[in-house]
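Heads up, the thing below is written out as structure tokens.
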Amino acid sequence: MVAVPEPAYRSAYGDLVLDGSREFKLHTDIYTDRDVFDAEMRDIFESSWVYVAHESQVPASGDYKTTSIGSQPVIVSRHEDGQVYVLLNRCRHRGSVVCRDDLGHSNYFRCPYHNWSYANDGKLVGMAQASGYPDDFDKSQWGMRPAPGVHSYRGLIFACLGEHAPSFDEWFAPVRKYVDWWLDRSPLGTITVLPKPHKYPYPGNWKWQAENGHDGYHGNYVHESWQRVLERAGEDSVRDIRKYRTGGCTRGMKYGHGLLERPGGLNAAASWTGRMMAKYPEYASALAASFSPQEIEEISARRNIFVFPNLYLFDTQIRVIKPITYDSTEVQLFVYALDGVPDALNEGRYRAHERFYGPSGFGSPDDVEIFVCNQTGVRARGIEWALMSRGMHREVTNEDGEQVGHSTDETPVRALYREWKRLMSK
Amino acid sequence: MTTVDRTHTLDRATAEALIYREARLLDTLQLEEWLTLFTEDGLYWLPMEDGDIADAATTISIVYDDTDRRAERVFRTLHTPVLDQNPRSRTMHMVNNVELEGTDEHGDAKVLCNQIIGENRPGGDGQVGLNGTRVLLARCDYRLRATDSGWRISMKKLLLLNADQPIYNLTFLL
């Protein structure tokens, strides 16, 4: 049998993204190929910064939250020194996980297999029947492996398993001011994550969700049903929504970050924040005590902020994208309270969240339906390339180095794939 | 509004007949008629974990539908171009382990049961996400109230066995 030569692009997955002067194209192997997926886990998720948890989920010493970095199980753990450690969830003895719960509190992590025990910072503190090891057995060499990089930014905890990633500050800088404005909707500048997230799986590639969260192009079509619901409720006419959807912009940034932005405003007609300020005067005065009107206008802009590769910051939720296989993904929506606002304001946010998001919402499931339509469609071959060039001819680069496009342009998706290409070209 | 006859006690056969009828309306997509089974202040609730109604103020639920939101959900399902119910789900409710548990603090009759809900979305050959049949399991807590037009549901709380786990498309009525 004649050996079939490997296609040229397989030696460098970066070639699966074609960043031309007039066309930006994606080879659809990026959604269907197991080897590409494995390379993504290794070269993206397990080599660069990823979001792992929020500090309000591990407020006290001994608190922990388990999660994954790429395909690797980790524990986000707060030690008695008050520091957050991100530890590979693997006993150094024979490899079992040492923690199986989602969220909890424990004075130590004990392996279920042979009772090796670890402190909350991962140090090995003891083994069962320790006389089976020599007196000079060096426990300090057999602690749980910590992530080399851990950084908390205003409560958002990021970790990095790679040794060669940019510093957190360098990596986060392009998107930082938008995250600040997102957090500053709380007069205290902080949020508290609710205990139970909405979670939905879908039988499709993780990048469908990554591309869609800041896509301003699909709303009038995928969410026409939602527009009818709003119209019936007397909240907005479909015509008004469609006009609104042409306002604002998209932004693409270095390191793959990006966002979709709708303009803000201080009056009730202009923004959600404006409506809340009108409804709750104490909220308005708390914001005014900390920020200028210009700053409040920025704070009130509605943004879907993507922090490459696995995090979206939405008005009601921290959204985490968890890739499982090339055609299996789980999305977790961690709804949060804005700290320092009236309880009724947060309750209204929870009810608004349930209305649109989650497995029974009037919006999220329509998006998921598209993800599975895509996953079916890209099996058709002989076409191979998907087109991501919408708005290339009209986007501009601003003084911060951001590409700024029309609200329906694929500007942030191109930023995502430029970073993908960079990391997958090594 | 005439006085509700609080002395009218619910018997098991009446409770079962109401829940079976509800199941049939859901399974045959007679959702506008399903809406009429609820009282004016009725709640249709799928929490993320077991708890009291008061908890809903400080947590999120999968569904927390008062009368307006229920009507909105039915409108959306039947009369708008939904993608997530196109094709529509076929469902089959099985009602088991029915127990009458007296009355609650509002004087409403408490009826507990378990439900097995089968769901299938038919589609073309090889369409990802379609054609499989799922089985959902739920513990249900109904509160029923005697009204002039018969027994009505003042609350339907449906706690899925996997309520806090990842759940794919749950856009049909449960």
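The values are calculated or read from the model by the stated rules, or taken from the named source; none is laboratory data. All values reported here derive from a predicted model rather than from experimental measurement. In this analysis, Cβ positions are derived from the backbone assuming ideal geometry, glycine residues included, and neighbour counts consider all displayed protein chains.
Computed quantities for the displayed model
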quantity: Count of residues meeting criterion [farther than 13 Å from B:THR9 by Cα, more than 15 Å from the chain's Cα centre (by Cα) and either surrounded by fewer than 11 Cβ atoms within 10 Å (Cβ to Cβ) or without any contact (Cβ under 8 Å) to a residue 12 or more places away in the chain (or both)] in segment B:90-105; calculated: 2
quantity: Single unsatisfied condition, A:TYR85 versus (1) surrounded by fewer than 19 Cβ atoms within 10 Å (Cβ to Cβ); (2) within 30 Å of A:ILE318 (Cα to Cα); (3) of a type in the set (Phe, Trp, Tyr); calculated: (1)
quantity: Residue count for segment A:166-190, restricted to those that are aliphatic (A, V, I, L, M) and touching a Gly at 6+ places or on another chain (Cβ under 7 Å); calculated: 2
quantity: Residues within segment A:176-233 that are outside any loop (DSSP other than H, G, I, E, B), away from chain B (no Cβ under 11 Å), among the charged types (D, E, K, R) and in contact (Cβ under 8 Å) with a residue 12 or more places away in the chain, tallied; calculated: 4
quantity: Count of residues meeting criterion [among the small types (Gly, Ala, Ser) and over 14 Å from B:GLN115 (Cβ atoms)] in segment B:16-32; calculated: 1
quantity: Enumerated strands (runs of 3 or more DSSP E) restricted to segment A:1-105, each holding at least 2 residues that are at pLDDT 95 or above and of a type in the set (D, E, K, R); calculated: A:63-69
quantity: Residues located in segment B:127-174, provided they are over 17 Å from B:ASN96 (Cα atoms), facing another protein chain (nearest Cβ under 10 Å) and in contact (Cβ under 8 Å) with a residue 40 or more places away in the chain; calculated: B:GLY129, B:LEU130, B:ALA163, B:ASP164, B:ILE167, B:ASN169, B:LEU170, B:THR171, B:PHE172, B:LEU173
quantity: Members of segment A:255-272 found to be in contact with a Phe, Trp or Tyr (Cβ under 9 Å, 6 or more places away or on another chain) and part of a helix (DSSP H, G or I), listed by number; calculated: A:TYR255, A:GLY256
quantity: Tally, over segment B:62-79, of residues that are of a type in the set (A, V, I, L, M) and either part of a strand (DSSP E or B) or touching a Phe, Trp or Tyr at 6+ places or on another chain (Cβ under 6 Å) (or both); calculated: 1
quantity: Single match in A:SER285, A:SER300 (criterion: within 25 Å of A:TYR153 (Cα to Cα) and of a type in the set (S, T, N, Q)); calculated: A:SER300
quantity: Odd one out for B:GLN85 among (1) within 14 Å of another protein chain (Cβ to nearest Cβ); (2) loosely packed, with under 14 Cβ neighbours inside 10 Å; (3) of a type outside the set (Phe, Trp, Tyr); (4) in contact (Cβ under 8 Å) with a residue 40 or more places away in the chain; calculated: (2)
